[in-house]
1. Search the range 48-63 for residues that are assigned to a loop (DSSP other than H, G, I, E, B) and surrounded by 12 or more Cβ atoms within 10 Å (Cβ to Cβ) and pair each with any residue that is of a type outside the set (Phe, Trp, Tyr) and at pLDDT below 85 when their beta-carbon atoms are under 8 Å apart and the residues are at least 6 apart or on different chains.
2. From GLU210, GLU271, which residue is acidic (Asp, Glu), outside the structural domain of VAL181 (by TED's automatic domain parsing) and assigned to a helix (DSSP H, G or I)?
3. Does the range 344-357 hold any residues that are within 13 Å of LEU389 (Cβ to Cβ) and part of a helix (DSSP H, G or I), and which are they?
4. Determine which single condition ASP166 fails, assuming it passes every other condition in (1) out of contact with any His (no Cβ under 6 Å at 6 or more places or on another chain); (2) closer than 14 Å to ALA230 by Cα; (3) not in a strand (DSSP E or B).
5. Criterion first (surrounded by 14 or more Cβ atoms within 10 Å (Cβ to Cβ), under 21 Å from GLU248 (Cα atoms), of a type in the set (A, V, I, L, M, F, W, C) and modelled with pLDDT of 85 or more) does LEU269 satisfy it?
6. Do we have any residue at all in the range 100-117 that's surrounded by 17 or more Cβ atoms within 10 Å (Cβ to Cβ) and over 30 Å from PRO73 (Cα atoms)?
7. Which residue is nearest to ILE401 (Cα to Cα), if the candidates are limited to the range 170-206 and must be part of a helix (DSSP H, G or I) and aliphatic (A, V, I, L, M)?
8. The conditions are (1) within 27 Å of ASN406 (Cβ to Cβ); (2) of a type in the set (A, V, I, L, M); (3) part of a strand (DSSP E or B), and VAL127 fails exactly one of them. Which is it?
Amino acid sequence: MTANSLLKNLLHIKGAVVDSFDLGENAKGEPSLVVHVHVSKGLRWRCPVCGKKCHVHDYVCDEAFWRSMDFGPVEVRIGARVPRVRCPVDGVVTAAVPWAKPGSRFTTDFAFSAAWMVKGGLSKKKVSEHLRIDWETVGHLVDLVWHELEPDVKKRFDGLVRIGIDETSYRKGHSYITVVVNHDTNTVVWAHKGHGKEIIEMFFSELTEEQRASILLVSGDGARWITDAAKDFCPNARRCVDPFHVVEWANEALDSMRIDAWRRARTALAEMVRKSKEGGSANDRDAKERIRQAKKNVEQIKQSKYALGKNPENLTTKQQERLALIQAEDPQLMRGHAMKEKLRLIFKLTDPTLAEEELDGWLGWAQRCRIPAFVELGRKIRRHKEHILNTVRNGLSNARIEATNNKIKLLLRVAYGFRNIDTMIGLIMLFCSSIEIPWPGRKQKEPINKGSITTQAA
């Protein structure tokens, strides 16, 4: 095998002929390899817009360079002199090359590698450091890969039957993003900046009449605008309140109780210390022990947010100890915890009649509990009772809904560095789907998105 053939195979670029190469250093003093190539005759020359073969217009362009996959510690770039072509439709444009998408200065393999790393859980900063590129470029590459793998995103609208609508904050200052989830495939089908009735009406307006008619269930939180939009565009659809959001309401009520309990414990501790000093018992051993226990109680309540909110079967040993201490020191807070757990378990029931009976019993309990946060929660749930029961009647899985919501929130945390909202949406659409990102040069076990991939990376 010649050096030219070896380089061509290592670079994984089809349709290119290696002319020469230069091994040196980049601007940072790091080892760098520049491989000079030209496009093989069989692929010359195509319009980057319509893909038609065109005649060469001129060669006024200087040699252009594309970042390729590194060879270990060596930064690799591909250099080629690409002409402008005369397209009868799009006019005079720079010709396309087979190893990169039009307008990109990164090879297709490089872009897929960056997207694969982000999907694997690496932060934007880590990906940028590893690949030696600007951190904003990571987002652009993810967006490029998404559009390559899924050129027609509206295909996701076909066959919609049960959808979920949710709004999530992606930045401080009341910046929201609205997402629509297909409950049957557990994938995101639409996402847009903003929230409210006007935003979700944009989604429904993109659907055909047949697609709207096929939707039989619309879930979400208790927002009135979701109910109104579903009624206007999908009159045959049942409205459901996601169990994920109902349990979240209960956790919010429980956390407000925890904060009140912490404040009470802290006030009691301050009063204990004051009386100890005034009574001259500051150095008394028993007094010191009582103060120490009170301080421990304050700290345990303060750090018990996740212990109270987690499912009991998922608690760590330390979190179980915290709950045991709270049970001994603050029975009312534990009563709130029991009410939250009872509500969560109702959504595990599959019998609608039994679920309704249990929910009625819980509402009665909330009305009599004399805990302001849960009394108000009971009123809220009573207003949405029918929509909550629709969730059980239609067999919506809380686990699947929670998993999808958590995945979206995780991606939003990863994407906090993305200044471009469209790039962030691309990240969600790509990763909350059935699309698998191929690793360049490796055979895939299954077809990737059934014919949507057209790049050499597949």
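The values are calculated or read from the model by the stated rules, or taken from the named source; none is laboratory data. Keep in mind the model is a prediction, meaning the values are calculated, not measured. Heads up, the Cβs are rebuilt from the backbone with ideal geometry, glycines too, and the neighbour counts pull from every protein chain shown.
1. Nothing qualifies.
2. Selected residue: GLU271, the only one of GLU210, GLU271 that is acidic (Asp, Glu), outside the structural domain of VAL181 (by TED's automatic domain parsing) and assigned to a helix (DSSP H, G or I).
3. Listed by number, the residues that qualify are ILE346, PRO352, THR353, LEU354, ALA355, GLU356, GLU357.
4. (3)
5. In short, no.
6. No, because not a single residue in the range 100-117 is surrounded by 17 or more Cβ atoms within 10 Å (Cβ to Cβ) and over 30 Å from PRO73 (Cα atoms).
7. ILE200
8. (3) is the only condition that VAL127 fails.
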